[in-house]
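To keep things clear, I will list the structure first and then write my remarks on it.
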Amino acid sequence: MYFENLSDAIAMGGHGPYVWSAYVITLLVILGLLVTPIKRGRELRRQIRAELRRKAQVNEGDARAS
Amino acid sequence: MAERTNTEIVQPLMVFLRGQLMRHLKSGLRRPGEVANPLLFFVMVVTLFPLGLGPDPERLREMAPGILWVVALLSNLTTSHRLFAGDFEDGSLEQLAIAPQPLALSSLAQTLAHWLLSGVTLSLAAPLFGLMLGLPVAAMPTLMFSLLLGSLCLALVGSVGAALTVGIRRGGLLLSLLVIPLYVPVLIFGVSAVSEAIIDGSPARWLALLGAFAAAGLVLIPLAVSAALRISIDA
Amino acid sequence: MWSIVHKMGSPPWFYRFSGLVIRWLLPIVVLLLVVGAIWGLMFAPADFKQGNSYRIIFIHVPASVVALAGYYVMAFAGAVSLIWKIKMADLAMRAIAPVGAALTFIALVTGAIWGKPTWGTWWVWDARITSMLILLFLYLGVVALFGAYDNKVAAAKACAVLSLVGMVNIPIIYKSVDWWYSLHQPASIKFTGESTIDPSMLYPLLLMIAAFYGLFTTVMLLNMRADLMAQNRRASWLERDLLGED
């Protein structure tokens, strides 16, 4: 550990606001990059599964009717 | 069958290129507005700068190379976006795409015609605009020559954007977004040449760079344009 | 070797393979990012000239490096898609454009924040910053062009042509911006000094560069998988795979 204590680490010799804001912005962008496709994939997977289930039910109904 | 010599292959292609060029030139000259309007646009935008920056001749002279080149770039943008639109809409582009002659060649003819009608006239009229901004007379030949070469570069780069966006409705603004970053080297070379000429430096190396850009573009860009046109036709 | 290349072109194989890669790569990337950031923020010594503000280097440099490399990867994918008509290359190309734009954005913003305490200004028209801004425009152009086409197959091909033209142009842009800068700025502020970096700073930097490359790959694969699912809604291989996951 380079810093003596936590408040020193946050202040960073006066450069704290710059360093931390840079890291926070980067973190937000990275989270956005990761979350967007993951959410989109999950949503698609849910839709396709629902479609499959509906198709299966229709097939079952057809089988019973005949 | 005897092996065909080089001239036997090249000759008909040159005839085709010339024919296409004449076709586009004629159709361009039939509407004189298409030649005059970019020049009017240029005069009007140049007029805006003294109004916006103040009439101080010293400051205007300093900024003249940059202003003239940025306006040249903008006027090229506004004319480029209809470059292939006519041929695309009336179906001649599809005919050219399946013609035995390469599409690259006919698109090059279109770009060259555009350059001859807008770029060359612009560089001929450039001294007038230079005078409006107080550019020293000694710098005029460099201004004209740099615009002559530079407008060819701009027309070539613009033709790629035009080919990519020809099938898109309201593609004009999109074309600017695609093409402006690619214009950057041309702008820098052109402005540097004129600035060097103002301070009696040697603009030759910048003009050489413009020439190199134009030469490479003449060879490579028609290939990209023909690929892009085929995509636009299929879409 | 060639069998892998051929398999890459097959959607079912790629879907399964990318799922496996992501499952391993994502935790590694997160770990590397966390370790690299904590190392850079807390354990690396302060720079004796810039103080602690230099710690931004651990995100600024990796983002810039990967953003530039990403454009070449995108253009390469574009070339593959145009020449060999491999559909996966289409997907890769359109998956890269937003990642590249985001990384370029990170590089620009962190650069601006770093500039304020170090040179006293948020923004200067320095050669490297200007080039980076133009790179952002190039990425956004590809994103915009892709969005403008209704036919997404044609959109991918058009973006391939654009990214190839951009790739040829990038070295010319960089060189010309360099000359432009040296012409106007007689080196009053020197950004590119000869400097050797101490191992205590170099190791976390290398770690972060690796992490950003991994992040780039992960996000690219995630985007490609989502597109693949959207395109193959009714494909039997996808149905089997999704039902197996339950």
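Values computed for the structure shown
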| read-out | value |
| --- | --- |
| Cα-based convex hull volume of chain B per residue, rounded to whole Å³ | 129 Å³ |
| Environment charge of C:T217, counting only residues whose C-beta is closer than 14 Å and scoring Lys/Arg +1, Asp/Glu -1 | +2 |
| Value at 222 nm in deg cm²/dmol, rounded to 500, when DSSP H runs of n ≥ 4 in chain C each add -39,500 (n - 2.57) | -28000 deg cm²/dmol |
| Nonlocal amide H pairs with C:D47, under 5 Å, H built at 1.01 Å | C:Y54 |
| q = 0.08, 0.09, 0.10 Å⁻¹, the protein assembly as shown: log10 I(q)/I(0) [Debye, one scatterer per Cα] | -0.67, -0.82, -0.96 |
| Cα long-axis angle, helix C:87-119 against chain C (0 to 90 degrees, to the nearest 10) | 20 degrees |
| Chain B - charge dipole about Cα centre, Lys and Arg +1 at Cβ, Asp and Glu -1, debye rounded to 20 | 320 debye |
| Neighbouring partner chain Cβ atoms per residue of C:157-170, average, 10 Å criterion | 6 |
| Kyte-Doolittle mean at least 0.5 and Cα axial length at least 15 Å: DSSP H helices in chain B | B:32-53, B:103-114, B:120-132, B:140-165, B:172-198, B:204-234 |
| P(r), alpha carbons of the range B:114-235 - 10 Å bins starting at zero, rounded % | 14, 38, 31, 14, 4, 0 |
| Relative pair counts by distance (%), Cα atoms of the range C:1-126, 5 Å bins | 2, 9, 13, 16, 17, 13, 10, 8, 6, 4, 1, 0 |
| Relative contact order for chain C, counting Cα pairs under 8 Å that sit 6 or more residues apart, in percent | 32 percent |
| Within 10 Å of each Cβ in B:117-127, the average number of Cβ atoms from other chains | 0 |
| Most mobile listed residue (C:L206, C:L32, C:L20) in chain C, GNM with C-alpha springs under 10 Å | C:L20 |
| Per-selection Kirkwood Rh - chain A (Cα, Å, 1 d.p.) | 16.6 Å |
| Cleavage-rule hits, trypsin sites (Lys or Arg not before Pro), the range B:137-206, DSSP coil, Cβ neighbours within 10 Å at most 12 | B:R169, B:R170 |
| Calculated FRET efficiency for the pair A:R53/A:V24, C-beta based, R₀ 30 Å, to 0.05 | 0.10 |
| CD proxy at 222 nm, helix term only [per DSSP H run n ≥ 4: -39500 (n - 2.57); per residue of chain B; nearest 500] | -28000 deg cm²/dmol |
| Order of B:V186, B:V166 under a 10 Å beta carbon neighbour criterion, fewest first | B:V166, B:V186 |
| Other protein chain Cβ atoms within 10 Å, averaged over every residue that makes up C:92-101 | 1 |
| Summed residue charge, Cβ within 14 Å of C:I170's Cβ, Lys/Arg positive, Asp/Glu negative | +1 |
| D_trans [Stokes-Einstein, Kirkwood Rh over alpha-carbon pairs] for chain C, 10 °C, 1.306 mPa s, µm² s⁻¹ | 80 µm²/s |
| Restricting the range C:16-86 to chymotrypsin sites (Phe, Trp or Tyr not before Pro) in coil, as DSSP defines it, with at most 10 other Cβ within 10 Å | C:F48 |
| Surrounding net charge for A:E60, when Lys and Arg each add one and Asp and Glu each subtract one, Cβ distance under 12 Å | +3 |
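Laboratory data are not the source of any read-out in this text; all were calculated from the coordinates shown. Quantities reported herein were computed from a predicted structural model and do not represent experimental measurements. Note: ideal-geometry Cβ built from the backbone for every residue, glycine included; neighbour counts use all protein chains shown.
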